[in-house]
Amino acid sequence: MRYDDVAIPLGHLWSSPFARWQGSLAEVSSLDLAVAVTGRALADRDVSAEQVDGLVLGVTVPQPELFYGATTVAARLGATGVTGPMIAQACATSVAALHAAAAAVQAGAGMQLVVATDRTSNSPTLSYPAPSRQGGAPTVEHWVLDNFARDPWAEGSMIAAGEAVAEELGCTRKEVDALAALRWEQYTAGLAGDRAFQRRYMVPVEIPGRRGTLSLDSDEGVRPMELDTIAKLPPAAPGAVHTFASQTHPADGCAGALVTTTDRAREMSGGEGIVRLLSTGFARVAKSRMPRAPVPAARAALEAADVGIAAVDAITTHNPFAVNDLYFAAETGVAVERMNAYGCSLVFGHPQGPTGLRSIAELVEELRMRGGGIGLFTGCAAGDTGAAIVVEVTK
């Protein structure tokens, strides 16, 4: 879909640090995290919640009181008269939420606050009534673990999809390890100068509690991935080319953005410039071939924006498996070194809902440091789908 008058003020797209699975945020509701991080982000940008006309909440893992999720988050932030949809499209949730917000702005609904938040740690085990079963025993599902392990339609696991595409592409273990090591090197570039790059968009977590304030100001659970070390790791499955290092790890976190018209974005940026949202694209590929999906999604978004891949100045991706970027490079001719200049979800983790939005924030800041330009984010999602967005950082 193409957008003609939709933008984000520069500096008004943010992310929390991501916390490791069962780490510091494991017992914090993702709704509480959303309120804490978003409230801090708005205050730091001198934006009142009363200025917001609508809220889009991206969340994929059920939490207590999620039934009232979007309205509760809005009210707790001080936007008591604001409502909006809750969006869940697995790893594509961030793009889907921006897509919904952009459509609302383009339709004249006013400024939209996008909040994407998830806690994969301590996800619920759901009990579904089944009175016709023997003894009325319920059907039980662990929301995260069961769904990571099996696509109910394709009937395979996510790692099986990654391995299938790697085999078809002819990827070797050496190539996969090299890609993971490259992404680690790029991530460490964002740590230079006391994390100067990450501090451009990152909002610390501070949540008061009975035992003091829970604080998190940098990523937790990031594993060094030097080539010599990861080359010694066992495969993730018998005969696999991916290891623990060349696939992402589940995490917890929150990200957000303010989406409005170009004129209002310029006014709010105070002369810093804007991020024009040019287009989004979505795609679905063959059964159990999820790592392929970012390519047609990117092509759809680029076509909608009338932009060729050669005109793109910076690219970030959500790549739960190293093969994702290797496949993208093979299909588009874009060198792997040109993607993810400051790391990616392969390194900093994957809370699902906010993962894409963090990578888009990094994309915007990279373009901002270059003095502007065209950016592309693309990534895959459960169900062999992909989502992409094209942006332009400009005055």
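Residues in the range 20-34 that are in a loop (DSSP other than H, G, I, E, B) and not aliphatic (A, V, I, L, M): 6 in all. In the range 171-192, of all residues being of a type in the set (D, E, K, R) and touching a residue at least 60 places away in the same chain (Cβ under 8 Å), the one that is surrounded by the most Cβ atoms within 10 Å (Cβ to Cβ) corresponds to Arg183.
Residues are listed down the side, and each one gets a yes or a no for (1) touching a Ser or Thr at 6+ places or on another chain (Cβ under 6 Å); (2) surrounded by 19 or more Cβ atoms within 10 Å (Cβ to Cβ); (3) modelled with pLDDT under 95; (4) more than 24 Å from Gln186 (Cα to Cα):
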residue: Asp263; (1), (2), (3), (4): no, no, no, yes
residue: Gly271; (1), (2), (3), (4): no, no, yes, yes
residue: Thr280; (1), (2), (3), (4): no, yes, no, yes
residue: Arg284; (1), (2), (3), (4): yes, no, no, yes
residue: Pro291; (1), (2), (3), (4): no, yes, no, no
residue: Ala304; (1), (2), (3), (4): yes, no, no, yes
residue: Val307; (1), (2), (3), (4): no, no, no, yes
residue: Ala310; (1), (2), (3), (4): no, no, no, no
residue: Thr317; (1), (2), (3), (4): yes, yes, no, no
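Matching residues to (1) without any contact (Cβ under 8 Å) to a residue 40 or more places away in the chain; (2) surrounded by 24 or more Cβ atoms within 10 Å (Cβ to Cβ); (3) in contact with a helix residue (DSSP H, G or I) (Cβ under 7 Å, 6 or more places away or on another chain); (4) on the phi < 0 side of the Ramachandran plot:
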| position | (1), (2), (3), (4) |
| --- | --- |
| Arg2 | no, no, yes, yes |
| Leu13 | no, yes, yes, yes |
| Gly23 | no, no, no, yes |
| Ser30 | no, yes, no, yes |
| Asp46 | yes, no, no, no |
| Val56 | no, yes, yes, yes |
| Ala88 | no, no, no, yes |
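Scanning the range 148-170 for residues that are modelled with pLDDT under 95 and assigned to a loop (DSSP other than H, G, I, E, B), we see that the one that is surrounded by the fewest Cβ atoms within 10 Å (Cβ to Cβ) is Pro152. Of the residues making up the range 366-392, those that are farther than 20 Å from Thr60 by Cα and surrounded by fewer than 24 Cβ atoms within 10 Å (Cβ to Cβ) number 10.
For the structure I just gave you, tell me whether Asp252 is charged (D, E, K, R), touching a helix residue (DSSP H, G or I) at 6+ places or on another chain (Cβ under 9 Å), assigned to a loop (DSSP other than H, G, I, E, B) and touching a residue at least 24 places away in the same chain (Cβ under 8 Å). For Asp252, the condition - charged (D, E, K, R), touching a helix residue (DSSP H, G or I) at 6+ places or on another chain (Cβ under 9 Å), assigned to a loop (DSSP other than H, G, I, E, B) and touching a residue at least 24 places away in the same chain (Cβ under 8 Å) - is not met. Would you say Gly221 is buried (at least 17 other Cβ atoms within 10 Å of the Cβ), touching a strand residue (DSSP E or B) at 6+ places or on another chain (Cβ under 8 Å) and at pLDDT below 95? Against the criterion (buried (at least 17 other Cβ atoms within 10 Å of the Cβ), touching a strand residue (DSSP E or B) at 6+ places or on another chain (Cβ under 8 Å) and at pLDDT below 95), Gly221 qualifies. Taking residues in the range 94-114 that are in contact (Cβ under 8 Å) with a residue 40 or more places away in the chain and part of a helix (DSSP H, G or I), and partners anywhere that are among the acidic types (Asp, Glu) and buried (at least 21 other Cβ atoms within 10 Å of the Cβ), not one pair has Cβ atoms closer than 6 Å while being at least 6 places apart or on different chains.
Within the range 257-373, considering only helices (runs of 4 or more DSSP H) that don't extend past its boundaries, which have at least 1 residues that are closer than 21 Å to Ile87 by Cβ, touching a residue at least 40 places away in the same chain (Cβ under 8 Å) and out of contact with any His (no Cβ under 6 Å at 6 or more places or on another chain)? In the range 257-373, the matching helices (runs of 4 or more DSSP H) lie at 294-305, 355-370.
The values are calculated or read from the model by the stated rules, or taken from the named source; none is laboratory data. Computed from a predicted model, the values in this text were never measured in an experiment. So basically every Cβ, Gly included, is an ideal-geometry build from the backbone, and we count neighbours across all protein chains shown.
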